[in-house]
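Student: This structure is in structure tokens; I'll ask about it shortly.
The values are calculated or read from the model by the stated rules, or taken from the named source; none is laboratory data. None of these values were measured; they are calculated from a predicted model. Here the Cβ is made from the backbone with ideal geometry for all residues, glycine too, and neighbour counts use every protein chain on show. Heavy atoms of the whole protein, side chains included, go into the accessibility calculation; ligands, DNA and RNA do not. Shrake-Rupley method; radii C 1.70, N 1.55, O 1.52, S 1.80 Å.
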Amino acid sequence: MFLDALAERYRNQPDKVAIQFSDDPPVSYGGLADTVNRTGNYLISLGIAPGDRVAAQLPKCLPFIYLHLAAAQIGAIFLPLNPAYPKAELRYFLADSGARLLFADRQKQAEIGAIQSELPALEALVFINPADSWESRVARHSGERRHPLPADSDQTAMLLYTSGTTSRPKGAQITHGNLTANITALHEAWGWRADDVLLHALPIFHVHGLVVALHGALHAGAAAVMLPAFDAATVLGLLCSRRFTVFMGVPTMHRRLYQQAGDQRYDLSGMRLLTSGSDRLPDDLFFGYQQTFNVTLLERYGMTETGMNLSNPLHGERRVGSVGLPLPGVSARIVDPKTETPLPAGEVGELQIKGAHVFKGYWGQPEKTAEAFTPDGWLRTGDMGAREPDGYYTLKGRAKDLIITGGLNVYPPEVELALMEHPAVAACAVIGCPDEEWGEQVVAVIIPKADAVTNEAEICAFCREQLAAYKAPRRVLFVDEFPANALGKVQKSKLREALCG
Ligand code: MCA
């Protein structure tokens, strides 16, 4: 399993650099092992047992990584939470998961300090200053691992919240076996090497940054240089430094790097691997990278519930507009959305996935889990696509109501639920409007109540109290009625045509 492979790296290359945050001294594989073991013993001293949920709402920092690896190592379930989640969302995730422990940024103490009294399962809320030395916090605990690593591949290692057509997010249970299958497939497909140096500019509260990027590097025994956040000028400068071999980003990041380059030409061909994912890579950006940076981006496709499924090849044709071929161990098919019968090459249908990397199910929601799979075990991705005769897949939109903005999924039902809490809103529909930088922007279309007095700024501010800022509408449009079909269902495609401009 992935933790056994990591333990091998700890033993075989203790002095090699594993992780380095730009402002901190580097952490070696031996140092990582010691601090993760101490953190695991620290969590046990706080009463954490296998199966318990340990949540962390922290900025991108070493304590977050130590807690993640330590929780997995002692058989607990790690719940990474976006620092942008306001108290309302945090309360939901903690209640739904039954988290026993939450590590949070001390800067949020005023905002969320009282939350513990509202959550009976939350036995401890530990505020930390991410800049403080975590090593000194756990120093009094043994640096020896006193417990065997989890051996049950079906044991849940992480809970990652994601939504779907329903309104509230669901906790996707990612198991030790899922992580192992995913990371070993990517290790093989992307040719990870111990002498790779990853430039890591992604958030680490999602699969992309935490698993595909960071686990990818650690599994290979490589080095991960962590930037606290993405900044185009900084990243472009570092990519040109020839210190790095791997970089992963979402299209919004790649767009900014491309814009940062302007009319200048750069040669990034020394980079071994540059990937794009979490949203569709626009064709102009694919070709723009070839002209401006002398590299061809490798586009891949994944989901929170599966990690990576399809990828353009490391060696071989990287096809513009395609998400490539099934990764090792992944089965993919295109089916008729109504009959679920497999479709021949070239025909558009729903993409379905099978493999050891596919998640266990949604936490506490057996019925939603059952809905996610066909009777014979294929995962319904909710993404529409087609398979070319030579096996390459292209995505053709979504069967589900979903907006992807800056590489983050926003589910309109979740935003609509928040909007309906506003006293001036009689009805609402949330749509995604195309945006060159973000891919899509969240737009709310509202039918106000009779004689209600409100405006766009007030509605946006209201949403930002309920939801993470990236989910809040960027624009609010007021209408008298919605286009509806014969069943009275709002036709969002007509709203997009009429209002997205
Ligand atoms: C930040 N803002 C956003 C987003 N991010 N608005 C819409 N969509 C976003 N994604 C807003 C903030 O709320 C803020 O608004 C303003 O932009 C500036 O905030 P800042 O944090 O400075 O934003 P940024 O630095 O410009 O962020 C852009 C970004 C970020 C770096 C592209 O969005 C990002 O890191 N995206 C990657 C997300 C990711 O890791 N996705 C993987 C999911 P205001 O000023 O009004 O407060 S996993 C997945 O999708 C699957 C598994 C897969 O295939 O990978």
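Student: Inside the range 263-281, can you point out the residues that are open to solvent by 40 Å² or more (accessible area, probe 1.4 Å) and out of contact with any Leu (no Cβ under 8 Å at 6 or more places or on another chain)?
Tutor: ASP263, GLN264, ARG265, ASP267, SER269, GLY270, ARG272
Student: OK, next. Inside the range 213-243, can you point out the residues that are within 10 Å of the ligand (Cβ to nearest atom) and either of a type in the set (Gly, Ala, Ser) or in contact with a strand residue (DSSP E or B) (Cβ under 6 Å, 6 or more places away or on another chain) (or both)?
Tutor: Scanning the range 213-243 gives ALA213, ALA229, ALA232.
Student: Do we have any residue at all in the range 186-199 that's assigned to a strand (DSSP E or B) and farther than 28 Å from TYR85 by Cβ?
Tutor: Yes; the residues of the range 186-199 include at least one that is assigned to a strand (DSSP E or B) and farther than 28 Å from TYR85 by Cβ.
Student: Would it be correct to say that THR381 is in contact (Cβ under 8 Å) with a residue 40 or more places away in the chain and either open to solvent by less than 50 Å² (accessible area, probe 1.4 Å) or within 16 Å of the ligand (Cβ to nearest atom) (or both)?
Tutor: Yes, satisfied.
Student: Restricted to the range 152-171, and to residues that are surrounded by fewer than 17 Cβ atoms within 10 Å (Cβ to Cβ) and within 13 Å of GLN365 (Cα to Cα), which residue is modelled with the highest pLDDT?
Tutor: If we take residues in the range 152-171 being surrounded by fewer than 17 Cβ atoms within 10 Å (Cβ to Cβ) and within 13 Å of GLN365 (Cα to Cα), then ARG168 is modelled with the highest pLDDT.
Student: Something else: Please enumerate the residues belonging to the range 253-278 that are assigned to a loop (DSSP other than H, G, I, E, B) and either among the β-branched types (Val, Ile, Thr) or away from the ligand (no atom under 15 Å from the Cβ) (or both).
Tutor: GLY262, ASP263, GLN264, ARG265, TYR266, ASP267, LEU268, SER269, GLY270, MET271, ARG272
Student: Another question about this same structure. Pick from GLU458, GLU421, GLU437, GLU465: which is assigned to a loop (DSSP other than H, G, I, E, B), within 16 Å of the ligand (Cβ to nearest atom) and not β-branched (Val, Ile, Thr)?
Tutor: GLU437
Student: If you take the residues in the range 440-455 that are within 16 Å of the ligand (Cβ to nearest atom) and of a type outside the set (D, E, K, R), which one is most open to solvent (accessible area, probe 1.4 Å)?
Tutor: The selected residue is GLN441.
Student: Please determine, by comparing only the residues of the range 74-92 that are more than 23 Å from GLY40 (Cβ to Cβ) and aromatic (Phe, Trp, Tyr), which one is nearest to the ligand (Cβ to nearest atom). Don't jump to the end; show me each part of the working.
Tutor: As a first pass, look at the range 74-92 and keep what is more than 23 Å from GLY40 (Cβ to Cβ): 82-92.
Keeping just the survivors that are aromatic (Phe, Trp, Tyr) gives 85, 92.
On the way: TYR85: 12, TYR92: 19 Å.
Per the criteria, the residue is TYR85.
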